[in-house]
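Reviewing the structure listed below.
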Amino acid sequence: MLRGRSLSVTSLGGLPRWEVAELPVEDVLLFEVSWEVTNKVGGIYTVIQTKAKTTADEWGDNYFLIGPYFEHNMKTQVEQCEPVNDAVRRAVDTMNKHGCQVRFGRWLIEGSPYVVLFDIGFSAGNLDRWKGDLWEACSVGIPYDDREANDMLIFGSLTAWFLKEVTDHADGKHVIAQFHEWQAGTGLILSRARKLPIATIFTTHATLLGRYLCAANIDFYNHLDQFNIDKEAGERQIYHRYCMERAAVHCAHVFTTVSEITAIEAEHMLKRKPDVITPNGLNVKKFSAVHEFQNLHATYKARIQDFVRGHFYGHLDFDLEKTLFLFIAGRYEYSNKGADILLESLSRLNFLLRMHKSDVTVVVFFIMPAKTNNFNVETLKGQAVRKQLWDIAHSMKEKFGQKLYDALLKGEIPDMNNILDRDDLTIMKRAIFSTQRQSLPPVTTHNMIDDSSDPILSTIRRLGLFNSRTDRVKVILHPEFLSSTSPLLPMDYEEFVRGCHLGVFPSYYEPWGYTPAECTVMGIPSVTTNLSGFGCFMQEHVADPTAYGIYIVDRRFCSPDDSCNQLTKFLYGFCKQSRRQRIIQRNRTERLSDLLDWRYLGRYYQHARYLTLSKAFPDKFHMEPTSPPTTEGFKYPRPSSVPPSPSGSQVSSPQSSDVEDEDEDERYDEEEEAERDRLNIKSPFALSHVHHRKKKLHGEYKN
């Protein structure tokens, strides 16, 4: 049921929940427009999907998502239904009568939000006319051979048409439309050019040109004010896309982005300072048993250990109980995602562990999809050998158990020398011989199509990280997304993350960073950077991020070599932790999950919506002058109990993982520390009152 909002503060898992003044939800229709509604392409899909429940709970039947129609997505993700809202129903019917194909239904995700989907191909016949409309609106032309940009123009034109039909029948209700990324930007441009009575928000999750420049290994952040933007966009043949993005930014009533670091980038690249920062969140689900996530870690770690047993058969001369599993995951952007600095740091870590004769082994997984033609035969063989040995061991166990059982029934102590016969010994010897291999364990699980030029494999060859017996750091490139149906590593991504000890994401270009955020929610420590939105967010909210398992590498103010040394230091310090210290750190990391809950971060979006209403309809809505939401005075304090990792004054050789210090037990109280964290959280921000003035007749608006 929809309702107006009033200012109040209630508890939310230790966090104060702020509900801001007098938003007339029942009198406003909210539309979010994105190419990734029901259509998974990148991180924006995760933003919209995870935020849907919180927004739907707030806005009810007045919340709608607009996206492209793809038949396979419609069949598997959307339940068709008739619109309840009269204005939306009329808009859908009108467009369908005029030769469009518009589908309406509920997206089958948490919150079940309404979706409006446009069939792009069905309306392609209007492309030339709509190109003319865009040219008249903002003098931007689109080349005929840029299929993606042409599709975005069709999508934007249909969106603007739909919003016009909605506002024509809105019956006095106000409309807010939030557009995500340049792909949806043409809808905003055309809506504003046609002076539709809507309040508009444009959200950039990463600037188009910024991503291109960072991919070219340019010192991006130190030269932000020196780029010739038009020249750089033209040289990369994306000038028309850049113009579409920039026009959308300047047409919007309110411009938002996902992090402080991206705000700095947008101000230089797009020539407008964002009005509001809207950090990305997740749907955080708490277990009824406080430490259930620790149990899940142990369960899924055992499954990763099984894979490692097979992958390193014949070379399994290290203790799996003293082995740490690290991983990096994401798009295969070698420099942007920090794979280059990670590999260099792993080489240095390998040297340190060998020099100090450490008994700790580190296995690092690179989960980054690339072009392959099949599984690596040697990798498949390893899993087959492991399974064969497992079956032999179980058959021997059954046989041994039966003989032992029979002997005990007779009241005898079995002769251990005769409990296994000659055939049993022969089978075991053959099993041992089958584990011998002449080659080193492979560094990749698949056959790479561009093996010789692949940047990760080329760097592995240069650094000599070949998984030899003497290496304390082992590397495995898995160039495919994880799946529970895989014959190699049958685990979903979430299961795999829970089974690892540390996620490492030393990205150079990461506007937000969902991978370390997902680790945090699952109670897994992670490495991020001060060039990622997530890293900046944690620096702002947590007094000592390292104590909570968030290691932040300085990639903005340090040279690449210094950043690499800092990452090596973090990794080496993590290897020196005892098992108990890692458990304590995981408990602290998991407590940060409240910070990333949409129920908390959704208020930043609320602020943007208030602001856009006051700008679009100043004669009906008034917002007192205020700064954007801030988090001043809101920080998790540094824990006063046992440090999460050994200090520099401690022994330089890593401790074995089963070492526990009795003194630590006396200094650490999990419940007391968790309660202290909850009590130390202060209000992140307060918003000024939004005054809803007397409504005027439809059509009396100001854009």
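Here are a few things to note about the model shown:
- Measuring nothing but how far apart in sequence close Cα pairs (under 8 Å, 6+ apart) lie, relative to its length, the chain scores a relative contact order of 15 percent.
- Computed over segment 432-559: relative contact order in percent, which uses C-alpha pairs under 8 Å that are six or more apart: 15 percent
- Length added when fully stretched, Phe351-His72, from 0.36 nm per residue minus Cα-Cα: 95.4 nm
- Each residue of segment 188-301 gets 178 Å³ once the volume of the Cα convex hull is shared out per residue.
- Centroid-to-centroid separation of segment 524-598 and segment 56-95 [C-alpha atoms, Å]: 41 Å
- Less than 5 angstrom separates the built amide H of Val116 from those of Leu65, Ile66, Gly67, all sequence-distant by 5 or more or on a different chain.
- Equivalent-ellipsoid semi-axes of segment 88-168, from the Cα gyration tensor, Å, largest first: 25, 15, 12
- Net dipole in debye of segment 358-510 [+1 Lys, Arg Cβ; -1 Asp, Glu Cβ; about Cα centre; nearest 20]: 440 debye
- Its Cα centre serving as origin, the chain has a Cβ charge dipole (Lys and Arg +1, Asp and Glu -1) of approximately 760 debye.
- Taking other residues whose beta carbon is less than 13 angstrom from the beta carbon of Glu32, and scoring Lys, Arg as +1 and Asp, Glu as -1, yields -1.
- R0 of 22 Å, Cβ-Cβ distance Arg129-Lys195: FRET efficiency to nearest 0.05: 0.65
- Relative contact order (%) - segment 411-487, alpha-carbon pairs under 8 angstrom, separation at least six: 29 percent
- Here r is the Cβ-Cβ distance between Arg437 and Leu404 and R0 is 51 Å; the resulting FRET efficiency, rounded to 0.05, is 0.90.
- On full extension, the segment bounded by Asp562 and Ala543 gains 4.5 nm, given 0.36 nm per residue less the C-alpha separation.
- Between helix 560-575 and the chain: long-axis angle, C-alpha atoms, 0 to 90°, nearest 10: 50 degrees
- Residue (of Asn467, Met522, Leu196) at the positive-pole extreme of the chain, dipole from beta-carbon charges: Leu196
- CD proxy at 222 nm, helix term only [per DSSP H run n ≥ 4: -39500 (n - 2.57); per residue of the chain; nearest 500]: -13500 deg cm²/dmol
- Under the simplified labelling scheme, the Phe466-Asn447 pair shows an inter-label distance of 2.2 nm, with each label point 7 Å from Cα along Cα→Cβ.
- Angle between the chain longest axis and helix 670-680 axis [Cα atoms, degrees, rounded to 10]: 20 degrees
- Sulfur and carbon atoms: percent of accessible area, the chain [1.4 Å]: 51 percent
- Built amide H within the under 5 Å cut-off of Lys474, gap 5+: Val362, Val363, Val364
- Loop-located trypsin sites (Lys or Arg not before Pro) across segment 383-421 with a Cβ neighbour count of 14 or fewer within 10 Å are Lys410, with loop assigned by DSSP.
- Candidate lysines for bridging to Lys164, where Cα separation is under 23 Å - those fewer than 8 sequence places away on the same chain excluded: Lys97, Lys131, Lys173, Lys195, Lys615, Lys620, Lys695, Lys696, Lys702
- Angle of helix 239-251 to the longest C-alpha principal axis of the chain, folded into 0 to 90 degrees and rounded to 10: 60°.
- Counting 0.36 nm for each residue step from Asp317 to Asn295 and taking away their Cα separation leaves a gain of 5.2 nm.
- Considering only Ala302, Ile176, Pro487, the residue lying farthest towards the positive end of the dipole of the chain is Ile176, judged by Cα position with unit charges set on Cβ.
- Net charge, Asp424 excluded, C-beta distance under 12 Å - Lys, Arg +1, Asp, Glu -1: +3
- Using a probe of 1.4 angstrom and keeping all protein chains present, the accessible surface of the chain works out to 42 square angstrom per residue.
- For a label point 7 Å along the Cα-to-beta-carbon line of Ser112, residues of segment 582-599 with backbone N under 16 Å: none
- Dipole check for segment 119-210: with +1 at the C-beta of Lys and Arg, -1 at the C-beta of Asp and Glu, and the Cα centre as origin, the magnitude is about 340 Debye.
- Modelled FRET efficiency - R0 56 Å, Lys97 with Met428, Cβ distances, 0.05 increments: 0.15
- Spin-label proximity, Asp27 to segment 586-625 - amide N less than 12 Å from point 7 Å beyond Cα toward beta carbon: 619-622
The values are calculated or read from the model by the stated rules, or taken from the named source; none is laboratory data. The shown structure was predicted, so the numbers you read here are calculated from the model rather than taken from an experiment. A quick note on method: Cβ atoms are made from the backbone with ideal geometry, for glycine too, and the neighbour counts reach across all protein chains shown. Keep in mind that these areas ignore ligands, DNA and RNA; they rest on the heavy atoms of the full protein, side chains included. Shrake-Rupley method; radii C 1.70, N 1.55, O 1.52, S 1.80 Å.
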